[in-house]
Structure formats: C-alpha cells, structure tokens
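Bear in mind these aren't lab numbers, they're just calculated from the coordinates by the rules spelled out. These numbers were taken from a predicted model, which means no experiment stands behind them. Methodologically, a virtual Cβ is constructed for each residue, glycine included, from the backbone with ideal geometry; neighbour enumeration extends over all protein chains shown.
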Amino acid sequence: MRGGQQPPSRNPRHTPPSPPPHLAPAGPKNTTIKPAEDEGVRWRFPADDYLEGMVARVKNGLSQTTTLTLNATSVLTHDLMEEALVHLYEKVESLRVCLRPRQGQLWVADMPRRKLDFKSVSGSDLEEQHSTFRYSPFNLHDGPLWKARLMPCPEDTPCPTPEVKAAFPHQCHLLMSVHHAANDGAVVMRMTQLLVDILDSLLQGVPVTSQQIGELRDGVEAREEEARMRAALLQNPDKLVEALRQHLGSKHLPLLMEAFGMPNVANATTEDFAPVILDNQTMEKFANKCRSLGATTNAAFTALINASLVEVVREAGLHRDVYNISSRHPVDYRRLIKDCESLPLGNHNIAMSQNTVTPTDVKKHFWEYVKHLDIELRDKLRRNYICEERMLEVLLRPRQHTQGEQIAPRQLPCWDYMFSNLYSPRTAYHAAGKCVQVTAAANYMSLPNERMAYGVGVFSFRGQARLQVSFSTNTISREVAQRCLEKILALFHDVSRNYIK
C-alpha cells in the first residue's frame with residue numbers, strides 16, 4: 001500500500017481494519033506501540049463538513065469524558081490497566097485513527113505510530129482531576145484521539161456501592177476522554193463495557209481474544225440522504241421556504257436567559273452536578289405509564305424537562321400562556337447504514353432540533369402532552385429530519401463559510417437545552433463481573449461554548465437509570481441550574497405517583 005492507496009475491498013465505503021501489531025510492555029508514562037509496517041500512512045476516508053465541524057467544536061471546548069469507580073478482588077495496578085487498554089486499542093479500530101490533512105482536505109487515517117495516552121495520577125479528589133483532564137488537548141495529526149488516567153484510591157475510601165466493598169475491596173478511579181469527531185457516545189459506552197470485560201478476564205487469568213469489535217465507517221449514507229432531500233426541496237420552492245421557516249423558528253434565546261439574564265463571566269466553563277440514581281420503583285411506574293400510552297421514555301423525559309423549565313421561569317416572573325421550548329436531541333443515524341453487520345464505529349450522531357409549544361399548565365395535562373410530543377419526535381425520526389435539518393443549515397451558510405467560523409469564542413445560545421438519552425432497561429452496561437465491578441460512573445459533556453443553556457443526560461447503570469445535568473457558566477448560574485435539576489426530580493416523582501392525564 002504505497003502512496004496512500006487503499007487495499008481492495010468488496011465494500012467501497014469500508015476498508016478492512018489493519019491487524020494490530022503485537023504490543024510489547026511499555027513504560028509507566030506514555031505507552032509506545034510497535035509502529036505499523038513502514039509503508040506510509042494508510043488513508044481511510046476524507047472528513048465531510050460535519051466531521052470538520054465537530055473538530056472545530058472540540059477545539060472550542062466541546063469534550064466527552066467518562067469517569068468510572070472500579071472495585072476489584074485484586075489491586076488494579078498501572079501495568080494491568082495498561083495491558084487492558086492495549087487489548088481495547090487492538091479490538092476497536094476507531095481508537096487507532098488520527099485526523100490529518102491530505103491535499104488540502106482533512107482525512108481520517110490510521111495512526112502512523114501506534115501509541116496510548118495513559119498515565120497514573122495521584123490525589124484523592126476525582127472532581128479536581130476530572131476538571132483538568134476534560135480540557136486536555138489531543139494530537140489530531142498523529143493520535144491517539146482518546147486517553148485514560150488511572151487514579152488509585154486510599155484503602156479507607158468509601159465505596160459508592162457499599163454492599164460490594166467486602167468482596168471487592170480494592171478501589172480506583174479511571175478517567176477516559178474520547179475525541180468527539182472520532183467516536184460518539186454509543187462507541188464510548190461500548191468501549192467502556194468492553195474494557196470492564198477485559199479487566200475481568202485478566203484478573204481471572206482468562207485469555208483475551210483478538211476479535212475486532214465493529215467496523216470503521218464514514219457515514220456517507222447520511223450525506224446521500226441529505227443530497228436527495230436537497231434535490232427534492234429545490235424542485236419545490238414553496239416547500240423549501242416552509243422548511244426554512246420552521247427550521248429558523250426552532251431557534252431563540254433560551255427561556256432561562258430571558259428570565260434570569262446572561263451571566264457576566266470572563267472565561268466560560270462547564271459545571272456538573274453529581275449523578276442522580278433514579279429510584280427503581282418510581283422509574284418502573286414512569287416507564288409503565290409510557291408503555292400504556294404507546295409512548296417512549298425518551299419523549300416522556302423530554303416532556304419532563306420542558307415542564308420543569310416552565311415552572312422555573314414562571315417562578316422567576318416570566319409569565320406566558322404558552323412557551324416555545326427548543327431542545328436538541330442527539331440521534332444515532334446508524335440505522336441508515338444497511339450493509340454493516342456489526343457496530344459502525346466513528347461519529348454517527350447528529351443533533352436534532354425540536355421546538356415544542358408548551359402551555360403554562362402543562363403539568364395538569366402532562367401525559368397528554370407526552371403523547372403529543374411522542375408523535376412529533378417519532379415523525380421526525382421516521383422522515384430522517386436529522387438529515388433535512390443538516391441540509392437546511394448548509395443552505396443557510398454564507399458562500400464563503402469555513403468551519404473555522406464555528407470556533408468563535410462566544411456565540412449567542414439559540415436552544416434551551418440538550419437531552420442525551422442513552423438509557424434502556426434492556427441495556428446491561430456495567431454488569432457485575434466475577435473480579436471487578438463498576439461501583440460508580442459518570443458521563444460528561446463539556447459545552448462552555450455550545451449554543452444551549454444546559455444539558456441533561458440519562459444513562460443505564462447497574463440496572464438503574466442515572467440522570468446527570470451539566471451547564472455552561474456562559475449562559476446560566478449554578479443556582480439556576482440547581483433549580484432546574486430539583487424541578488426535574490420533583491416532577492419525575494409527581495407524574496409517576498399521580499396519573500395526571
């Protein structure tokens with residue numbers, strides 16, 4: 001493979017993964033992996049404008065990080081964790097890529113020199129370590145586009161899941177960060193579970209297979225759908241104008257900023273609240289009501305956030321008969337990839353906008369509101385609105401637009417919040433292993449310069465639902481964000497306990 005040529009492949013949209021080389025033991029700081037064959041860089045595919053835009057957003061502060069608290073039957077040493085990360089690296093080819101220019105265009109390519117970014121760190125304050133770690137930069141040109149830090153815990157550190165401590169006494173924290181242009185949340189969740197499984201095998205003395213997980217894909221199917229929609233709309237000017245009108249109508253100054261004003265901060269950061277494990281019985285009632293209506297829990301959580309937002313701004317003096325609430329919902333478009341038998345790796349996640357007219361008395365008619373919202377969200381998913389919306393954004397750009405314009409230091413927010421739903425009662429993420437268990441977990445999104453006031457996420461954890469709230473100090477204060485979180489939790493219990501129509 002000289003001169004950047006691709007090997008033959010029956011699928012022109014996917015190149016088979018390079019077989020990872022044998023990895024020799026490495027030093028305590030930076031693990032250098034045996035270089036690939038000296039045949040030049042292996043180019044995978046050119047970055048489209050969406051991937052380039054994600055690179056710009058990461059440069060402007062966007063990040064996705066995960067923290068795990070691990071309890072094990074034996075000490076999880078630096079060398080053992082390094083061995084597990086090496087296996088992870090070998091199994092997931094999207095962890096072996098970099099982003100570098102080629103003939104004036106950004107490309108996804110195999111890392112020219114295989115290596116890990118892994119260190120052990122000292123200290124006892126996980127939050128302090130994470131605040132520094134989440135903003136540490138990546139080496140786009142050479143990779144890796146992910147990193148990990150091991151943080152041992154003193155023997156007397158309390159266990160977040162106390163009933164596990166006696167059988168799994170050795171505790172540590174693991175912090176992981178993955179460049180969002182290279183991999184999305186679905187891949188992060190899969191690699192997290194895979195790492196726990198690998199650690200469990202190593203502690204049991206069971207061989208870890210070299211089986212590859214997933215296929216690196218370029219997402220061209222979504223771009224083709226966008227092109228089809230663009231051609232159809234350009235043939236129907238009236239429909240195009242209406243689509244643009246609705247799209248522009250989904251953007252407005254967040255209600256929280258209308259009610260409380262804009263904080264005066266010099267350097268915006270992201271702040272997070274501690275994850276909240278939702279009560280299982282209440283969650284079961286909540287899910288049962290959704291099923292009885294034929295609605296998704298995704299729509300119900302969105303309605304919950306909307307209703308809580310209405311209460312917060314009303315109590316602040318912003319009174320209206322109806323409120324237009326704009327939200328962003330990351331949508332996995334892997335369903336458009338028809339010829340992939342395993343998990344398509346990379347970033348296959350596009351945020352979809354939703355503008356919902358919400359009455360001031362929404363709580364009185366909560367479940368009726370859920371049904372209405374569910375119909376709207378399902379319709380957008382059915383007609384691939386994520387592709388239409390991206391296409392409309394491109395049409396509205398200035399002719400000389402460059403992705404560099406997306407990294408302006410401060411842009412006025414135009415959505416109320418973002419909601420990421422990675423919860424499923426059928427998901428077995430972080431299942432208990434024989435030798436290691438995850439006793440606490442958190443998934444963070446840094447959004448200091450993103451265009452929404454705050455973010456809400458729901459994740460699966462040990463058979464329960466875990467809710468997290470983050471916010472940008474650029475848009476609201478911690479006190480206001482705290483009110484939003486408290487309202488969400490209070491309404492969650494109210495609407496689950498009392499069957500309001």
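Determine the relative contact order of segment 175-325: mean sequence separation of Cα pairs under 8 Å and six or more apart, normalised by residue count, in whole percent.
On the way: 27 pairs, mean separation 29.4, N = 151.
Once normalised by length, the contact order is 19 percent.
R0 = 41 Å: FRET efficiency of residue 322 with residue 131, Cβ-based, nearest 0.05? The partial results should precede the final answer.
On the way: r = 39 Å, r/R0 = 0.96.
E between residue 322 and residue 131, to the nearest 0.05, is 0.55.
Go through 98, 249, 300 and say which Cα lies farthest out towards the positive end of the charge dipole of the chain; charges sit on Cβ, +1 for Lys and Arg, -1 for Asp and Glu.
249
Got a sec? Charge dipole of segment 30-216, +1 on Cβ for Lys and Arg, -1 for Asp and Glu; which of 138, 121, 177 is way out at the positive end?
My answer, from the dipole projection, is 138.
Compute the relative contact order of segment 30-216 as a whole-number percentage, counting only Cα pairs closer than 8 Å that sit 6 or more residues apart in sequence. Each step should come with its number before you reach the end.
Details: 298 pairs, mean separation 64.0, N = 187.
Relative contact order comes out at 34 percent.
Where does each of 374, 238 land when they are ranked from fewest to most other beta-carbon atoms within 10 angstrom? Intermediate results must be reported in sequence, preceding the final value.
Values: 374 21, 238 8.
Least to most surrounded, the residues fall as 238, 374.
Counting other beta carbons within 10 Å of each Cβ, put 107, 415 in order, fewest first. Mind dumping the intermediate values first?
Working: 107 19, 415 22.
So the ranking, lowest neighbour count to highest, is 107, 415.
Give the percent of DSSP beta bridges with both residues in the chain that are antiparallel, rounded to the nearest 5. Spell out each step's value before the answer.
Numbers: 62 of 76 bridges.
In the chain, DSSP labels about 80 percent of beta bridges as antiparallel.
Give the calculated FRET efficiency between residue 269 and residue 411 to the nearest 0.05, with a Förster radius of 22 Å applied to their Cβ-Cβ distance. Present the calculation step by step, with values, prior to reporting the outcome.
On the way: r = 16 Å, r/R0 = 0.72.
Efficiency, rounded to the nearest 0.05: 0.85.
Please give every one of the lysines within straight-line cross-link reach of residue 91, meaning a C-alpha to C-alpha distance under 29 Å, and leave out same-chain neighbours fewer than 8 residues apart.
By straight Cα distance, residue 91 reaches 29, 34, 59, 115, 119, 147, 338, 434.
Show the residues, 5+ positions off or on another chain, whose built amide H is closer than 5 Å to the amide H of residue 115.
Residues meeting the criterion, in which the H sits 1.01 Å from N, are 33.
Using the Cβ atoms and a cut-off under 10 Å, what net charge is assigned to the surroundings of residue 477, where Lys and Arg are +1 and Asp and Glu are -1? Walk me through the intermediate numbers first.
Details: positive: 478, 483; negative: 271, 479.
So the environment of residue 477 carries a net charge of 0.
Note down the relative contact order for the chain as a percent, whole number, built from C-alpha pairs under 8 angstrom at least six residues apart. Don't skip to the end; give the middle numbers.
Working: 883 pairs, mean separation 110.9, N = 501.
Result for the chain is 22 percent.
Determine the dipole magnitude for the chain: charges of +1 sit on the beta-carbon of Lys and Arg, -1 on that of Asp and Glu, nothing else is charged, the reference point is the Cα centre, and the result goes in debye to the nearest 20. Intermediate values should be presented prior to the final figure.
Numbers: 59 positive and 56 negative charges, 170 e Å.
For this selection, approximately 820 debye.
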